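Taking it in order: structure first as C-alpha cells, then the write-up.
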Amino acid sequence: MPGKRLVIVLGPTAVGKTDYSISLAQKYGSPIISCDSRQIYREMSIGTAVPDKDQLALVTHYFIHSHSVENLYTAGKYEVEALKLINELFEEGRDTLVMCGGSGFYIDALVNGLDDFPKTDMNLRSELSSILRAEGVRPLAERLRELDPATCAVIDMSNGQRVLRALEVCLVSGRPFSSFKTNSIKKRDFQVEKIGLLRPREELYRRIDKRVLKMIDDGLVEEVRSLEKYRDLPALQTVGYKEIFDWFDGSVNTLERAVELIQRNTRHYAKRQLSYFRRDPSVRWIEM
C-alpha cells in the first residue's frame with residue numbers, strides 16, 4: 001500500500017494523548033485506533049481513563065471496550081486484530097490513519113511484529129497464575145528479576161499479566177524473555193510516524209494527581225467493587241484497581257491512603273513509559 005501512513009500518538013499517561021489524537025484524526029478524516037492494553041476491556045472505564053462520551057462522539061474509536069476481562073488478551077492478539085483493521089481501513093481509501101496509546105509493547109507488536117515465542121505450557125501457566133492470585137505479583141517479579149533484568153527494566157512490574165508471561169517464557173525456553181525481541185522486524189505495507197507527547201515533569205505529575213482525584217469523584221470505588229469477582233484475573237492487576245482492592249481487604253488503612261498510592265504508582269508508571277519510549281529514536285517528540 002504505497003503512500004499509506006499510520007501516525008501513532010504515544011507518551012506517558014495523562015500527558016494529553018486523547019485530545020491531541022482527536023484533533024489529528026479530525027484533520028486527516030481518520031478514526032482513532034486505540035493502543036491501550038486496559039481501555040480495551042468493557043468492564044473497566046473509570047480506572048483506565050477511557051475517553052468520555054463527548055470525546056468518543058467526535059471521532060470513531062476502535063479497541064475501546066472491545067473485549068471482556070474474562071478473556072485473556074495479549075499483544076500477539078492485538079497485533080493480528082489491529083493489522084487486520086488497519087488494512088481494511090486503508091482499503092476504504094484513506095491515506096492516513098491515527099493510532100493513540102501508551103502501551104509500548106502493543107505498539108511494538110503492531111509496528112515491528114512479535115518474535116516466535118515458545119508455546120504456552122498450560123500446567124506452568126496454571127501454577128504461576130495460582131501464585132499470582134495467592135501472593136500477588138511480587139514473587140513472580142522477584143524471580144523474573146533474577147532471570148531477566150533487561151525485561152524488568154522496561155515493563156510495568158506491577159502488571160501481573162506481563163510479569164507472568166515474561167517469566168513463563170523464561171522458564172519454558174531457558175532463555176531471557178528479552179532475547180526473543182531481537183529478531184528481524186516484520187515488514188508492514190504502510191509507513192509509520194510516531195509522535196511522542198511531553199510535559200514538564202511537575203506539570204505531568206499534577207495532571208496525574210488531579211486525574212486520580214477525578215476518578216474517585218466519578219465513582220472509581222464503585223467500579224472496583226463491581227469487579228471484585230474478577231479481581232484475580234490478569235486485567236485487574238492494574239494501578240488504580242489493586243490499591244482499592246487492598247483498601248477493601250484492610251491492607252491499606254484508609255481510602256485517602258489508597259488514593260495517595262494510586263497517584264504515586266501512576267507517577268512511577270508514567271516514568272517507566274517515558275523510559276521505554278525514549279529508547280526509540282524514530283519518535284518525534286512534541287512539548288505540550
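Readers should treat all values here as calculations from the given coordinates under stated rules, not as data from a laboratory. The model shown is predicted, which means the values in this text are computed figures rather than measured ones. Please note: Cβ atoms are built from the backbone with ideal geometry, for glycine as well, and neighbour counts cover all protein chains shown.
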Loop-resident trypsin sites (Lys or Arg not before Pro) in the stretch 1-75 with no more than 13 other Cβ atoms inside 10 Å, DSSP not H/G/I/E/B, are Arg42
With 0.36 nm assigned to each residue of separation and the Cα-Cα distance removed, Lys53 to Arg145 gains 29.0 nm
Karplus ³J(HN,Hα) for the stretch 81-91 (6.51 cos²θ - 1.76 cosθ + 1.60, θ = phi - 60°; Hz, whole; x = Gly/Pro) runs 5, 5, 4, 4, 5, 4, 4, 5, 5, 5, 5
Two pseudo-spin positions, 7 Å from Cα along C-beta at Asp115 and at Lys84, lie apart in nanometres by 2.7
Stretched fully, the stretch from Lys214 through Ile286 gains (0.36 nm per residue minus C-alpha distance, one decimal, in nm) 23.3 nm
As straight-line cross-link partners of Lys187, the qualifying aspartates and glutamates (C-alpha separation under 19 Å, not fewer than 8 residues apart within one chain) are Glu79, Glu81, Glu88, Glu91, Asp95, Asp108, Asp115, Asp116, Asp280
hull vol. (C-alpha, convex hull) per residue for the chain, Å³ -> 130
Diffing the stretch 188-203: the Karplus 3J(HN,Hα) column from phi (6.51, -1.76, 1.60, θ = phi - 60°), in whole Hz with x for Gly and Pro, holds 10, 8, 8, 7, 10, 10, 10, 10, x, 9, 10, 9, x, 4, 4, 5
Percent relative contact order for the chain, counting Cα pairs under 8 Å at least six residues apart, stands at 27
As straight-line cross-link partners of Lys27, the qualifying lysines (C-alpha separation under 18 Å, not fewer than 8 residues apart within one chain) are Lys4, Lys17, Lys194
A student applying the Cα gyration tensor rule (rounded when a/c is under 1.5; otherwise prolate if a/b is larger than b/c, oblate if not) would label the stretch 122-181 oblate
Averaging 1/r across every pair of distinct alpha carbons in the stretch 165-270 and inverting yields a Kirkwood hydrodynamic radius, in angstrom, of 17.0
Residue span Asp249 to Ser126: 0.36 nm per residue of separation minus Cα-Cα distance leaves a gain in nm of 41.8 nm
The answer for Lys194, listing residues at least 5 apart or on another chain whose modeled amide H is closer than 5 Å to its amide H, is Ile8, Arg284
Expressed as a whole-number percentage, the relative contact order of the stretch 221-288 with C-alpha contacts under 8 angstrom and at least six residues apart is 21
Of the convex hull drawn through the C-alpha atoms of the stretch 68-207, the volume per residue in Å³ is 163
For the stretch 122-200 the trypsin sites (Lys or Arg not before Pro) that pass both the DSSP coil test and the at-most-11 other-Cβ-within-10 Å test are Lys187
